[in-house]
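The values are calculated or read from the model by the stated rules, or taken from the named source; none is laboratory data. Just so it is clear, the structure is predicted and the values come from calculations on it, not from any experiment. FYI the Cβ positions are ideal-geometry reconstructions off the backbone, even for glycines, and counts take in every protein chain you see. What goes into the accessible areas is simple: the full protein's heavy atoms, side chains included, and nothing from ligands, DNA or RNA. Shrake-Rupley method; radii C 1.70, N 1.55, O 1.52, S 1.80 Å.
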4 protein chains.
Amino acid sequence: MSGSTFGELFRVTNFGESHGPAIGCVIDGCPPGLALAEADIQPDLDRRRPGTSRHVTQRNEADAVEVVSGVFEGLTTGTPICLLIRNTDQRSKDYANLLDTFRPGHADYTYWRKYGHRDPRGGGRSSARLTAPMVAAGAVAKKWLRERHGTTFTGWMSALGEIAIPFEDAAQIALNAFFAPNAGIVPQLEAHMDALRKAGDSCGARIEVRASRMPAGLGEPLFDKLDADIAHAMMGINAVKGVEIGSGFGTVSERGSEHGDELTPEGFASNHAGGVLGGISTGQDLVVSLAIKPTSSIRLPRRSIDRAGQVTTVETHGRHDPCVGIRATPIAEAMLALVVMDHALRHRAQNGDVVHAVPAIAGSVAGSLPDSARG
Amino acid sequence: MSGSTFGELFRVTNFGESHGPAIGCVIDGCPPGLALAEADIQPDLDRRRPGTSRHVTQRNEADAVEVVSGVFEGLTTGTPICLLIRNTDQRSKDYANLLDTFRPGHADYTYWRKYGHRDPRGGGRSSARLTAPMVAAGAVAKKWLRERHGTTFTGWMSALGEIAIPFEDAAQIALNAFFAPNAGIVPQLEAHMDALRKAGDSCGARIEVRASRMPAGLGEPLFDKLDADIAHAMMGINAVKGVEIGSGFGTVSERGSEHGDELTPEGFASNHAGGVLGGISTGQDLVVSLAIKPTSSIRLPRRSIDRAGQVTTVETHGRHDPCVGIRATPIAEAMLALVVMDHALRHRAQNGDVVHAVPAIAGSVAGSLPDSARG
Amino acid sequence: MSGSTFGELFRVTNFGESHGPAIGCVIDGCPPGLALAEADIQPDLDRRRPGTSRHVTQRNEADAVEVVSGVFEGLTTGTPICLLIRNTDQRSKDYANLLDTFRPGHADYTYWRKYGHRDPRGGGRSSARLTAPMVAAGAVAKKWLRERHGTTFTGWMSALGEIAIPFEDAAQIALNAFFAPNAGIVPQLEAHMDALRKAGDSCGARIEVRASRMPAGLGEPLFDKLDADIAHAMMGINAVKGVEIGSGFGTVSERGSEHGDELTPEGFASNHAGGVLGGISTGQDLVVSLAIKPTSSIRLPRRSIDRAGQVTTVETHGRHDPCVGIRATPIAEAMLALVVMDHALRHRAQNGDVVHAVPAIAGSVAGSLPDSARG
Amino acid sequence: MSGSTFGELFRVTNFGESHGPAIGCVIDGCPPGLALAEADIQPDLDRRRPGTSRHVTQRNEADAVEVVSGVFEGLTTGTPICLLIRNTDQRSKDYANLLDTFRPGHADYTYWRKYGHRDPRGGGRSSARLTAPMVAAGAVAKKWLRERHGTTFTGWMSALGEIAIPFEDAAQIALNAFFAPNAGIVPQLEAHMDALRKAGDSCGARIEVRASRMPAGLGEPLFDKLDADIAHAMMGINAVKGVEIGSGFGTVSERGSEHGDELTPEGFASNHAGGVLGGISTGQDLVVSLAIKPTSSIRLPRRSIDRAGQVTTVETHGRHDPCVGIRATPIAEAMLALVVMDHALRHRAQNGDVVHAVPAIAGSVAGSLPDSARG
């Protein structure tokens, strides 16, 4: 209820702070019999890890995951899976002034108003570091969904600041520091980041994430619609300020004759819906887009106040991502996988006996990510 | 778990179908001692009611609410409040062909895949009619929040199709059929709707909704952030495809030096955050924007398939909103009120003992709706 | 969260007060495709109904159930099932003195301390009348479990005050006013009740309830053990003060060599466990026993205080059950069915893919209710 | 949903297995500002610890708790508190035959039917070792309740097998290996245990636990009644088969004129209710009694079957508690504290504004544990 647990049936409880001894999570509800080892989880953590290029924070964390429970002889037992990640580069600096000052754009002020007391070291609980356990949990969900339903998840950056990144080739995503599906644009992105860093400023980003080979029928009317739960998951990622499904804000100026995806025996003729109708998956690709705000920790001086309400100035030096959106791609994939996983279990709880004579038209003819693009 | 309950502590359970005998909801968790009568609820229902102008569905429903339980001698008792709304204009037509055919853009196909069986009359459970009980529940939340915290909620239409509606005067919102805060643009909106209806087509809309005089400190890290729960609530409204908080997708091209709202002893200097930092309310206005897709029921013929997977064509005649966004404003207000109400209770459960020597800087100097604009 | 919803996946939300216009419930999560009509529910309601013999309250309620939603053309759709029961015999007497006085053994004092305000008419929300919607919901669960798993539920009275009622013949349960599985003892029970009524006093009872042909594997370690959830359900019934599973308090003086049920290829050799090991069903009969306190409303004068804290005296005249345990049998069956139903769905959500080469040894050789005794 | 989380607002998520690297829990929802250190938790863990006398298992575990998160500079921050306990004496023996054989009275068979796969080492997840994290979490709840409300918790053994243990002096509880409030009976208990051990058998026990100086008004009608949640908590403790509140099964033969506790301006005249009326606390002592079954692991040979369904025999050698009830006292206290803590937060969420002109009559004149007896 205090918000550290995500999901209803595949429940992930997150704990830890940026500069405490460890962060981690407990997954309750994972189906038994899934082959699982650290090696299934570590690759996604490595994609999110700090310090992997000059464009992200230089904090040096191995982010090595330990499976503390829930696995016996290489298989999940159905009991809670505790995943532990030790913090190794906390840099125990003096944080007294951080405790007194509220950094603009950060949660310092709101945590203080809420709790009357907070851990200021590296943002404490509000740090984006707490997304690491979700990436780990997401890797477990991804594995089960891939093995059980063939579902895969692919995310990429579609805009860095004002630079739009046209989708060209999913194979490129893993080959550059920006998760850009486009090799040609990378030099421009690098130049943009170098200029920002020099200016002591930061910028926003747009991320897209898709789920392919989705089972039809997932999502619960009225309130836990699949898209509503996706919106909850995405807006809950640090720094996200907007979420779209399918045509998103483009629907405002669409006509009904254009937006409503026609059905054919071979599948849907288009995917403006982004894979969800009435809150329930159609079997088409889920299509999700996020807006991520610019990093709040910048070198340029900003006005603020302290705990006594007095005027002060904040300049943030040290290691920070000049665009927090860069490392958001594996996080968005993980959160989407967690939502789909939860709904797969919710769906079969109630509807496990539903059978259809006619197969689903999933594998729709348009609007899907090409197979070559799937993660 | 099957998604018909909204909220954690102020819980609203919704029931009914578009063409059944009644729709309604049960509110569990309402604080005791709130003065409550039907008259507190009916005005918001009347704002959402069909048949109030030529631009919305001509279905004729009184939407009269009955308080079945939870109130004794005019005060809430703390026990469940059941609100019942009888359906009176169901028009029991032949729906056999609706049962066989999947209308593009509707939930027909997905309900069928999920449940194997569905109530096709007027969309059954997927009908926007099921938002009426939420508007009723929202009225209860609004009343408590206004009396306890002074918080108020105001929504309006900011775009109808490609026509942007500049905010001019909140007093106008109640005076036209479009919830437009701008009298001058109404003739253009009317002409647009008349043309659409003539063409047998439909269009999308953008809605804005704000909460003013917000308590600071509401929202739960990590996953039930206030903005995450708002996104869940809004994306769960029928036809919503996108949600923004504060600058929303505009943040992609903002700089950190521009986005991060500076703090002053008089309040925040701007409100790009939309009233939420780190998932917790700052005390500034909550600023939320929604994209609503065009109505799927249109007169123009569309390709589809039937339950046997055979090709068919769908044309929808009869009474439908050509822009479902028009009646969405009171719904968005209600859902926002329900989220804030739930978090007000959640907050005091855990943090009821937190005291501050220094008052909050809520009542910020910029980015708030002017007092004249508040609902 | 305010306690009016029972269950996690098969969720029943209860509303109403003893003397309001109606009571009822909303079931969310019922599997689709179940044939369901009022006639499936009414018989259990009739078993619980007041006024059926001189040994229970003479309040005259038809307790006729209306299915308001969730059923289309005779089948559940998977959407919420609202069940409504109109109150018809509220007798709107003067209750002013009830509002001021706290009746010993009743919830008057505690509701007042909790909410500061309460509906005193007939006990308001604390009335045993609110078990009627649970009996109705339980009938839906029973039907699904019987059709899907063959599971059946049988309850009876095993003691009335100090009179033990030996189990002789389940066929007798339906044939007397006491739910006694023993025809010979009925005259003694009647004489006991007549004497109590004459004395203006009341007595307690012991109820047993069983589930037969249980699926093995239901129940969730650690905290939502099947027996823990049964205890929660049973202790939540009005007036229940004790719950036992299997040997219950008899285990205190048992030896391990006696208590631990041996396993054989034909099944368990005994059922001291009451059908649950480690919180998970064995496939044997669930064996549950309840202690129900004597009715608190009695004619004999009792000392009490009023809202101002002043000394007063309470005598309760009018229509009351002199032993509330008499009508508790169908309630206990319903609550047990609701727990099993919920866990059947929870189990398949997580473990729907588990297959076993060796069949379960359910259908155990000892400790089961004979087939002739099953409801 | 898979049952590893306890509580709604003060939520404890438990993880680990008997013979894995570590066990622990995550507490979400603890109020901020509570002074907390390992030293506040360790004493209760030490009371539950194995190896402290010859009458309990000789497994040697330090059960040293580590606070991994949620505390900054000695105060809780309001964010999740992760408590970790390393397993140090797992004795990695051959468990192949345990994997094949189902021990009578154990969860071996039911885990296998549920999950198809289990960790057999030391009972894996079904081990009573998993109560240690609950004792740790309970210590946090106890501390907050004592500081905020003055509430204290005291448990003791009231019967060992057929030997009743009369309550004489609470000060004795801490001074013997049995948590017996009676020094004179200890030699008899020791002789009983020695004989049992010699015989290779085990016995049951009865435990009582009380909460004193309870706030009035805690508990939620209808389903999350305080006593219902206590029953859930207690029946969820390993080996518990029965739960009573107040008079418990004694109510069956009580009269209404005897059971219903009269109210006086000085407090209730008796406490047959055990501190709960209508599911809500009266302010009197909570009075709870548990039946604990005899240990299932005994040296005497028992019949069983293996995974192929073939007949086999089980004899359990090694280190086991001959009466698991002995170490249950601190566990029962912890679970009771967790229930009260959760309801304290739930209560103020909804009813935080309720004020009373007349003080509660808590501090009742009869039925309370004497001050000298309070923990």
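List of remarks:
So that you can scan it fast, the table gives a plain yes or no per residue for (1) over 22 Å from D:LYS142 (Cβ atoms); (2) at the interface with chain C (Cβ under 8 Å from one of its Cβ atoms); (3) buried (at least 24 other Cβ atoms within 10 Å of the Cβ):
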residue	(1), (2), (3)
D:ALA171	no, no, no
D:ALA180	no, no, yes
D:GLY184	yes, no, no
D:LEU189	yes, no, no
D:ALA211	no, no, yes
D:LEU222	yes, yes, yes
D:LEU226	no, no, yes
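- Qualifying positions in the stretch B:310-321 - loosely packed, with under 15 Cβ neighbours inside 10 Å, part of a loop (DSSP other than H, G, I, E, B) and of a type outside the set (D, E, K, R): B:GLN310, B:HIS317, B:GLY318
- Residue, nearest to the chain's Cα centre (by Cα), within the stretch D:64-75, restricted to residues that are more than 10 Å from every other protein chain (Cβ to nearest Cβ) and either buried (at least 23 other Cβ atoms within 10 Å of the Cβ) or within 15 Å of A:ASP119 (Cβ to Cβ) (or both): D:VAL65
- Qualifying helices (runs of 4 or more DSSP H) (wholly inside the stretch C:181-265; at least 1 residues being closer than 21 Å to D:GLU254 by Cβ and in contact with a helix residue (DSSP H, G or I) (Cβ under 7 Å, 6 or more places away or on another chain)): C:226-235
- Residue ID - surrounded by the fewest Cβ atoms within 10 Å (Cβ to Cβ), chosen from residues in the stretch C:235-251 that are in contact with a strand residue (DSSP E or B) (Cβ under 7 Å, 6 or more places away or on another chain) and more than 7 Å from chain D (Cβ to nearest Cβ): C:ALA239
- Filtered by the rule that a residue be open to solvent by 10 Å² or more (accessible area, probe 1.4 Å) and either assigned to a loop (DSSP other than H, G, I, E, B) or closer than 20 Å to A:CYS323 by Cα (or both), the stretch B:278-290 gives a lone residue, B:GLY278.
- Selection within the stretch D:114-129 - buried (at least 24 other Cβ atoms within 10 Å of the Cβ), at the interface with chain C (Cβ under 7 Å from one of its Cβ atoms) and either modelled with pLDDT under 95 or in a loop (DSSP other than H, G, I, E, B) (or both): D:ARG125, D:SER126
- Meets criteria (closer than 25 Å to B:LYS225 by Cβ and either open to solvent by 10 Å² or more (accessible area, probe 1.4 Å) or in contact (Cβ under 8 Å) with a residue 60 or more places away in the chain (or both)) for A:LEU263: no
- Residue among D:PRO322, D:PRO294 that alone is modelled with pLDDT of 95 or more, in contact with a helix residue (DSSP H, G or I) (Cβ under 6 Å, 6 or more places away or on another chain) and on the phi < 0 side of the Ramachandran plot: D:PRO294
- Matching residues, the stretch D:133-155, being in a helix (DSSP H, G or I), away from every other protein chain (no Cβ under 12 Å) and touching a residue at least 12 places away in the same chain (Cβ under 8 Å): D:VAL135, D:ALA136, D:GLY138, D:ALA139, D:VAL140, D:ALA141, D:LYS142, D:LYS143, D:LEU145
- Lone qualifier among B:GLY105, B:GLY78, B:GLY33 - being on the phi > 0 side of the Ramachandran plot, out of contact with any Leu (no Cβ under 6 Å at 6 or more places or on another chain), more than 14 Å from chain A (Cβ to nearest Cβ) and among the small types (Gly, Ala, Ser): B:GLY78
- Whenever a residue of the stretch B:102-130 is farther than 17 Å from B:PHE15 by Cβ, its partners that are surrounded by fewer than 24 Cβ atoms within 10 Å (Cβ to Cβ) and at pLDDT below 90, lying with C-beta atoms within less than 6 angstrom and at least six residues away or across chains, give the pairs B:ARG113/A:ALA360; B:PRO120/B:TYR95; B:PRO120/B:LEU98; B:PRO120/B:LEU99.
- Positions within the stretch D:291-309 being open to solvent by 20 Å² or more (accessible area, probe 1.4 Å) and part of a strand (DSSP E or B), in sequence order: D:ARG302, D:ARG303, D:ASP306
- Of the residues D:ARG54, D:ARG47, D:ARG59, the single one that is open to solvent by 20 Å² or more (accessible area, probe 1.4 Å), in contact with a helix residue (DSSP H, G or I) (Cβ under 7 Å, 6 or more places away or on another chain) and more than 10 Å from every other protein chain (Cβ to nearest Cβ) is D:ARG47.
- Set B:ARG255, B:ARG206: member being open to solvent by 20 Å² or more (accessible area, probe 1.4 Å), more than 24 Å from the chain's Cα centre (by Cα), of a type in the set (Lys, Arg) and facing chain A (nearest Cβ under 8 Å): B:ARG255
- Residue in the stretch D:6-20 that is more than 14 Å from chain C (Cβ to nearest Cβ) and either assigned to a loop (DSSP other than H, G, I, E, B) or not basic (Lys, Arg) (or both) present: yes
- Here C:ALA199 clears all of (1) more than 12 Å from chain D (Cβ to nearest Cβ); (2) in contact (Cβ under 8 Å) with a residue 12 or more places away in the chain; (3) among the aliphatic types (A, V, I, L, M) except the condition numbered (1).
- Qualifying residue in the stretch B:46-60 (condition: within 26 Å of C:GLY124 (Cα to Cα) and touching a residue at least 24 places away in the same chain (Cβ under 8 Å)): no
- Matching residues in the stretch A:340-359 - criterion: being at pLDDT below 95 and more than 11 Å from chain C (Cβ to nearest Cβ): A:HIS356, A:ALA357, A:VAL358, A:PRO359
- Taking the stretch A:323-339 as the range and being open to solvent by 10 Å² or more (accessible area, probe 1.4 Å) and either more than 10 Å from every other protein chain (Cβ to nearest Cβ) or in contact with a Leu (Cβ under 7 Å, 6 or more places away or on another chain) (or both) as the test, the residues that pass are A:ARG327, A:ILE331.
- Any hit, the stretch A:92-108, residues being part of a helix (DSSP H, G or I), of a type in the set (Ser, Thr, Tyr), open to solvent by less than 30 Å² (accessible area, probe 1.4 Å) and farther than 20 Å from D:PRO21 by Cα: no
- The number of residues in the stretch C:40-95 that are acidic (Asp, Glu), at pLDDT 85 or above, within 30 Å of C:HIS192 (Cβ to Cβ) and touching a Lys or Arg at 6+ places or on another chain (Cβ under 9 Å) comes to 2.
- Evaluated against (1) under 27 Å from B:ARG86 (Cα atoms); (2) free of Cβ contacts under 8 Å to residues at least 24 places away in the same chain; (3) not small (Gly, Ala, Ser), C:LEU98 falls short on exactly one condition, (1).
- Meets criteria (of a type outside the set (Asp, Glu) and under 17 Å from the mean Cα position of the chain (by Cα)) for A:CYS25: yes
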